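The values are calculated or read from the model by the stated rules, or taken from the named source; none is laboratory data. Here the structure is a predicted model, which means the values were calculated and not measured. Please note: Cβ atoms are built from the backbone with ideal geometry, for glycine as well, and neighbour counts cover all protein chains shown.
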Amino acid sequence: MLAMGRFGIIEARAFFFLMDPTRGGSWHHPADNLRAAIRNDNDAGNRNDNLGFRLAAPANTTAAPPCRSCPGAMIMRRNIQRPPVLVGAKHRASGWAFIHSCVVMRRFGNLFEDIASPNNLWRAWREFSQGKSRRPTVVAFAWRADQEIFHLHQELMADSYRPQGYHLKMIHEPKRRLVAAAPVRDRVVHHAIYRVLAPRLDPGLIRETWACLPGRGSRRAEIACLGAMRKFPWRLALDIRHYFPSIDHAILMEDVMARRIKDRRLLKLLGEICRSGDGLYRQPGMAEFLGFPPDFPPAGCGLPIGNLTSQWQANHYLSGLDHHCKRILGVPAYHRYMDDMLFFAHSKSQLEKTRAAVAAWLWDHRRLKLKHPNAAVLSTRRPMTWLGKRISTAGINPSRRQLQKMQRRMTALVRQGDEKTIRHSVASYRGMLL
């Protein structure tokens, strides 16, 4: 590593081309710390993400005057060239797009034993049961939790585990949906899978993906959308038509999961969980209730809403679209919360081309369709409703539908006369509004 002055090289504390990799160190630390990573003012487990060349000089030195012969000045004056913005299939792919198409992400193996281990199953049970200790099904499982965990471990290791049936529930707010609740033992397996796979696969998602990820969520997505509304003059909102019922099991397992996982036993387990909800959306009367067209969804499609693995896999199902929009289409600002997507740009024509390119990618690679293929590109001066909130350049407020729902809820609670429930609801709404 080189220690550099404000405009030039001041002192060389170690040779740059070392055979052994160096870790840590900076210009105000002894040279021995470069190779041993021994910090006088940092813990042993400290991690830095900003390592690199720094233009700094010790207090007892004098900075060199800026000139063309000074390497430091040339480094500071060099402009960084960005790759060209490409929209549509007619344009020739840039070098970054070619590299992205050739990159093979790391694949993980030998994970099935970690998922099926009694220790992981027990921790998954503890995480799942938090806040649910009064539910009858959870109480029944907790009464014999050690036996249930041991039986799950034996079934998984013997490849005899099969998901059981679902408890179906119809909801009408904010729209009609079919929620499928799996038994407790199956949900413990879902949490066990998530505990092992999420830390390995979630880093492959871009930072503009906000759903089903620790430390993100809808609130941070709204704040990021507000920042983009104030920065760009044009916006485009897209969502996918019948997203969860339209997810193809073969594409999910072969093009998404198998690309990152090479454990055959784990892929088989994930496939069985996906296929367990295959016939939920094709039951008699279900298409009429949910507003599906005839003969929809086709066989081999659909993830049940309610499983932790369904939400997590549905989020990864569009990860390829995220990278396509950011790296190949070159969208200036892009945000996605599950299947709700927002695009921002300085040019209206660029967003119109992006809309066509996204629709083509969804059908070619995921067999999905946009809910509104001809969605209009609007000005960011006009407020928009996203994730249940009214977002404008002035700030974030509850939407009209959310306010009406709150009013109906409070009116019903007042009629019931339960003071404790009213007090808790008022505190919850105050935290959401203030």
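Would you mind finding the one in I273, I247, I223 that is within 16 Å of T309 (Cα to Cα) and out of contact with any Gly (no Cβ under 9 Å at 6 or more places or on another chain)?
Values: I247 fails: out of contact with any Gly (no Cβ under 9 Å at 6 or more places or on another chain); I223 fails: within 16 Å of T309 (Cα to Cα).
From the options I273, I247, I223, the qualifying one is I273.
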Answer from A314, A228 - the residue that is in contact (Cβ under 8 Å) with a residue 40 or more places away in the chain, outside the structural domain of R176 (by TED's automatic domain parsing), under 26 Å from P199 (Cα atoms) and not in a loop (DSSP other than H, G, I, E, B): A314
I need the full set of residues from the range 285-311 which are of a type in the set (F, W, Y) and assigned to a loop (DSSP other than H, G, I, E, B), in order please. F292, F296
Residue check, L236 buried (at least 19 other Cβ atoms within 10 Å of the Cβ), modelled with pLDDT of 95 or more and assigned to a helix (DSSP H, G or I): no
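Condition check ((1) farther than 30 Å from V331 by Cα; (2) not aliphatic (A, V, I, L, M)) across all residues:
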residue	(1), (2)
P163	yes, yes
M170	yes, no
R177	yes, yes
A180	yes, no
V184	yes, no
P203	no, yes
I206	no, no
Just to be sure I understand the filter: pairs with C-beta atoms under 7 Å, separated by 6 or more residues or on different chains, first member in the range 401-423 and in the same structural domain as E173 (by TED's automatic domain parsing), second member modelled with pLDDT of 85 or more and in a loop (DSSP other than H, G, I, E, B). Which pairs pass? none
Can you tell me how many residues in the range 125-146 are of a type in the set (A, V, I, L, M) and surrounded by fewer than 13 Cβ atoms within 10 Å (Cβ to Cβ)? 1
Identify, from the list R366, R355, the residue that is in contact (Cβ under 8 Å) with a residue 40 or more places away in the chain, basic (K, R), surrounded by 15 or more Cβ atoms within 10 Å (Cβ to Cβ) and more than 22 Å from A221 (Cα to Cα). R366
How many of the residues making up the range 152-163 are touching a residue at least 24 places away in the same chain (Cβ under 8 Å) and on the phi < 0 side of the Ramachandran plot? 7
Residues that are under 24 Å from the mean Cα position of the chain (by Cα) and under 12 Å from L238 (Cβ atoms): list the strands (runs of 3 or more DSSP E) wholly contained in the range 333-409 that include at least 1 such residues. 333-337, 340-345, 384-386
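Anything in the range 114-159 that is among the hydroxyl-bearing types (S, T, Y) and at pLDDT below 95? List them, or say none.
Residues satisfying the conditions are S129, S133, T137.
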Among residues belonging to the range 172-224 that are of a type in the set (G, A, S) and part of a helix (DSSP H, G or I), point out the one that is surrounded by the most Cβ atoms within 10 Å (Cβ to Cβ). A192
Run down D146, D114 and say which single residue is in a helix (DSSP H, G or I), more than 24 Å from G277 (Cβ to Cβ) and out of contact with any helix residue (DSSP H, G or I) (no Cβ under 6 Å at 6 or more places or on another chain). D146
